[in-house]
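Have a look at the structure below before the remarks.
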């Protein structure tokens, strides 16, 4: 049987040299102590960021017109969530990776009807509102065409929406119950009741904030706060955090692709970045098996810096 | 009971296999090859030490629940410890990874050691990410609402909903830490079993 040829990037020479004393327990203990002390020092000097979460109440009080306009977009089906596609609804194809429509194939597994979930159901939960109750009944019995007509009338006039004396003001005619819906939902949000209504829509106990987060993200208020903190996608996005903290610096490569073409110009940017990162991730895991990539260490000879004492001898 | 019967026992077989692969002098060595003489070797044990601090500080945060640190100065300090130990963990881990790459540390039957290390790195990234979206503050709101688009585009958002705090917190404090610790344990045992990769033999193959 012939002896297999030595492959320098796969095989390692047998070590026939000497050994030195090595106290693994002592090394581990010292490392733990040093890291613990360094952690305490960094925590004492720099602390950690903790900006309060945005609530619908805070948003509707700080920017009532933005809130009301977003509520309208949920009702008339033009908001980010209403036009998202999977996993929330079937109103868009979603992003494609070549011929692969991954999100669409998985389907609307977290079904959300934006008008019902964000506007109509919360309004139904308000007690002792006789006008609103009759308006909701009017909406329920109206045809789709009539509803569309009301929303079109209101949406057209809402370009000049203002907030005056605690009320949403839109000079719309033939808008049916829509003005009441938008104003009452804004009042509900300003009181804090909408936060509770969305969080507890599926029961008393909950840990799922999908609905309020989607609603807040559909508006401009959250994004404006993030822009002020340099957190938007074109500002290296979610790898950062508020304040001058390192954030998730290890996501730099993932975030990097969002800064350059074609990813930052494509409607399929997210899935393209994910596809590329999956390939690169597989490459990282399989480095030992990829010819060329596994030869770089030997050819660049960076190892001579690491083992310089050894090569001196 | 005959000797043959004892030999056939699963327990006997497992013990013999484990002790053959990892005899005590390999598991807890008191010497090391003389080529192991560089600061780069410090970053493996530093990563392990930081992981211990991360887990310890995370356990302290878990005692009083996810909201505690917002209203308590002690809680906020523990959160700061958790944050900075994570930063040290990743800093050390990335240097360890690059160091091992330039040593071609997969040589000599150590491919699986590299693979477990790389997968541990990825699991750690996911663990940190789920931590960031479980902070219950502005950062978690912004990061989760941004990240959802990437995950949703792959179809994965239907099952891994980054806007669901309960789901993310469970992944962060149960599932992913278990995966990270098990993978780290396997990685360390493989290093101990196979030993530290020797230098390239330059005279014959470095050109």
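The values are calculated or read from the model by the stated rules, or taken from the named source; none is laboratory data. Given the structure is predicted, the values throughout are model-derived calculations rather than measurements. For neighbour counting, all protein chains shown are included, and Cβ atoms are generated from backbone atoms with ideal geometry for every residue, glycine included.
Let's see how each residue does on (1) more than 30 Å from residue A:291 (Cα to Cα); (2) surrounded by fewer than 14 Cβ atoms within 10 Å (Cβ to Cβ):
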| residue | (1), (2) |
| --- | --- |
| A:15 | no, no |
| A:29 | yes, yes |
| A:36 | yes, no |
| A:39 | yes, no |
| A:57 | yes, no |
| A:64 | yes, no |
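Residue selection: residue B:76 fails the criterion of being away from chain A (no Cβ under 11 Å), over 18 Å from residue B:173 (Cβ atoms) and surrounded by 14 or more Cβ atoms within 10 Å (Cβ to Cβ).
Scanning the range B:99-111 for residues that are within 9 Å of chain A (Cβ to nearest Cβ) and assigned to a helix (DSSP H, G or I) yields B:99, B:101, B:102, B:111.
Number of residues in the range A:109-124 that are more than 8 Å from every other protein chain (Cβ to nearest Cβ) and in contact with a helix residue (DSSP H, G or I) (Cβ under 8 Å, 6 or more places away or on another chain) equals 11.
In the set A:286, A:280, which member is surrounded by 15 or more Cβ atoms within 10 Å (Cβ to Cβ), at pLDDT 95 or above and more than 7 Å from every other protein chain (Cβ to nearest Cβ)? Write out each step before concluding.
Details: A:280 fails: surrounded by 15 or more Cβ atoms within 10 Å (Cβ to Cβ).
Answer to the selection: A:286.
Just to be sure before I move on: is residue A:268 in contact with a strand residue (DSSP E or B) (Cβ under 9 Å, 6 or more places away or on another chain) and surrounded by fewer than 19 Cβ atoms within 10 Å (Cβ to Cβ) in the structure I sent? Here the answer is yes, as residue A:268 does meet what is asked. Only one of the listed residues (B:86, B:45) is closer than 18 Å to residue B:181 by Cβ, at the interface with chain A (Cβ under 7 Å from one of its Cβ atoms) and crowded, with 17+ Cβ neighbours inside 10 Å. That residue is B:45.
Checked against (1) under 18 Å from residue A:113 (Cα atoms); (2) over 21 Å from the mean Cα position of the chain (by Cα); (3) without any contact (Cβ under 8 Å) to a residue 12 or more places away in the chain, residue A:169 passes all but condition (1). Say whether the condition of being at the interface with chain A (Cβ under 7 Å from one of its Cβ atoms) and in contact with a helix residue (DSSP H, G or I) (Cβ under 7 Å, 6 or more places away or on another chain) is met by at least one residue in the range B:162-178. Looking for residues that are at the interface with chain A (Cβ under 7 Å from one of its Cβ atoms) and in contact with a helix residue (DSSP H, G or I) (Cβ under 7 Å, 6 or more places away or on another chain), one finds at least one in the range B:162-178, hence yes. Taking first residues from the range A:302-313 that are loosely packed, with under 12 Cβ neighbours inside 10 Å and partners that are modelled with pLDDT under 95, no Cβ contact under 7 Å between residues at least 6 apart in sequence or on separate chains turns up.
Might you let me know whether the range A:89-105 holds any residue that is under 30 Å from residue B:85 (Cα atoms), assigned to a helix (DSSP H, G or I) and within 14 Å of chain B (Cβ to nearest Cβ)?
No, because not a single residue in the range A:89-105 is under 30 Å from residue B:85 (Cα atoms), assigned to a helix (DSSP H, G or I) and within 14 Å of chain B (Cβ to nearest Cβ).
In the range B:124-143, the residue that is surrounded by the most Cβ atoms within 10 Å (Cβ to Cβ) out of those that are facing chain A (nearest Cβ under 9 Å) and closer than 25 Å to residue A:100 by Cβ is B:129.
Looking only at the range A:234-248, count every residue that is facing chain B (nearest Cβ under 7 Å) and either modelled with pLDDT of 90 or more or surrounded by fewer than 19 Cβ atoms within 10 Å (Cβ to Cβ) (or both) and tell me the total.
To start, the set of residues in the range A:234-248 that are facing chain B (nearest Cβ under 7 Å) comprises A:237-238, A:241-242, A:246, A:248.
Those left that are additionally either modelled with pLDDT of 90 or more or surrounded by fewer than 19 Cβ atoms within 10 Å (Cβ to Cβ) (or both): A:246.
Going through the range A:234-248 one residue at a time, the tally reaches 1.
Listed by first and then second residue, the pairs with beta-carbon distance under 8 Å, at least 6 apart or on different chains, first residue in the range B:173-190 and at pLDDT below 95, second part of a helix (DSSP H, G or I), form an empty list.
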